[in-house]
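This report concerns only the one structure given below.
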Amino acid sequence: MNRFVKFLIGLLISLLGLWYALHEFNWSDFVGVLKYVNYWYLVAAIAIQFITIWIRAIRWQWLLLPINKLPVNALSEATMIGYFGNMVLPLRIGEVLRAYVVANKFNISISKILGTLVVDRILDMLALMILAIFFLFNSELLNVPQWIVVVLIIVTITLFAALIYLGNKNINFPKIKSKYNILNTKVGARIFDIITNLLSGLTVLTKTPKKIGVYSFIVLLWSLYFLSFWLMIKAVNLDIDIIGSGVLYVMLTIAISIPAAPGYVGTYHATCVAVLTNIYNIDLSASQAFAIISHAAVFIPFVIVGAIIFVKNSLNFSKIKSLEMSKS
C-alpha cells in the first residue's frame, strides 16, 4: 500500500470520526460551555504538557548514552519538532523527523537514533497497558471480563521480559545479512534494516547507566500526562471521577494510534464523544465541547511552538519530503 493510499484512508477515517462527533453540533451550546470553562486549570494542563517534553527529552538522553551524550536542550527541541510533524504532516512522519533532526545535528546514523525511539515507544506502550489494567479493573461502569485484565497483565509482563531479553542479545547483523541473499534485495534489505533498528535500539536500554532513571521516568511521565488530562476535565466541569477519567484517557490514547489525518483529528473527537455520551451519560453538547477544547489545548500550543523551533532549526518541507527511514 503506497503512502498516498494510506493518507486517503486516514483522511476518510478522520472525516467519518468528525461527522460522528459533530454532526449534531450546536454553536450556541458550545459558546455556553466556554463561558464556564476554568481557564486556569486549562493553562495548568497545557503547562504540564510542555513539562513532559523536557522529561521525555531527559529520558531520551539517557537512552542515547550508549551512543553519545547529547544535550537535553537539543533533544527537547527535536521532540517538539516531532510532535509538530505528527500534528501537521501526513503519515505520522514526526518520529522520523525527530530522529533526522538529531542525526543531522550531531552526525549520528539515523538508524541508530530510530532504534532508540523504538525503545521509547515500547516503554510508552508498557505504561499504557499498566494504566489500562489499573483503570479497567477499578471501573464500576464498565463490566470488563476478568480474563481481559488477566490477558493484559500477561502481555505486559511478556513484552517487558522480551524487551530485556532482546536487549541483552549480541546479534551479528552483518553476518546474518551476508548469509541470506534475500536480505540483499531491495525489499529484503528494507525489512532487515527495520528489524536491525528495532533490535539495535533495544540494546540501549540494557547498556545505559541510567536504567533506574529510565524506568522511574515512565511513572513520572505518564502521571503528568494523566494529571494534565484530569485538569482539562476539571476545567470543562465534566462530572466524571478519577477512575472514569482514567478509562477515558486510556481509550483516547488507543484511539489516536488509529491511522487518521494529521493531529489525530476525528479519531480523538469521535472516541471522546462516544465514551462520554454512551458510558458516562454526559450531555452531547458538553461532550463535544470537551472533545474540541481538550484537543485544541494540546494541538494549538504544540503547533505554534513546534513551528517556531522548526524554523529555528532551518528545516523546510522539501527536506522532509526526501526523508527515508531506511537511510543511515
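All of the numbers you see were taken from the coordinates with simple rules; none came from a lab. Everything numeric in this text was worked out from a predicted model, so none of it was measured. When we count neighbours, we look across all protein chains shown, and the Cβ atoms used for this are built from the backbone with ideal geometry, even at glycine.
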Check on residue 80, touching a residue at least 40 places away in the same chain (Cβ under 8 Å), in contact with a helix residue (DSSP H, G or I) (Cβ under 8 Å, 6 or more places away or on another chain) and surrounded by 22 or more Cβ atoms within 10 Å (Cβ to Cβ): yes
I'd like the full set of residues that are touching a helix residue (DSSP H, G or I) at 6+ places or on another chain (Cβ under 6 Å) and closer than 15 Å to residue 296 by Cα, limited to region 49-66. 49
Of all residues in region 50-101 being assigned to a loop (DSSP other than H, G, I, E, B) and not charged (D, E, K, R), which is farthest from residue 214 (Cα to Cα)? 89
Scanning region 208-250 for residues that are in contact (Cβ under 8 Å) with a residue 60 or more places away in the chain and outside any helix (DSSP H, G or I), which turns out surrounded by the fewest Cβ atoms within 10 Å (Cβ to Cβ)? 209
Total residues in region 255-270, condition among the polar types (S, T, N, Q), part of a helix (DSSP H, G or I) and free of Cβ contacts under 8 Å to residues at least 60 places away in the same chain: 0
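Take residue 126 and decide whether it is more than 20 Å from residue 222 (Cβ to Cβ), in contact (Cβ under 8 Å) with a residue 40 or more places away in the chain and under 14 Å from the mean Cα position of the chain (by Cα). Give the derivation first.
Numbers: more than 20 Å from residue 222 (Cβ to Cβ): no; in contact (Cβ under 8 Å) with a residue 40 or more places away in the chain: yes; under 14 Å from the mean Cα position of the chain (by Cα): yes.
For residue 126, the condition - more than 20 Å from residue 222 (Cβ to Cβ), in contact (Cβ under 8 Å) with a residue 40 or more places away in the chain and under 14 Å from the mean Cα position of the chain (by Cα) - is not met.
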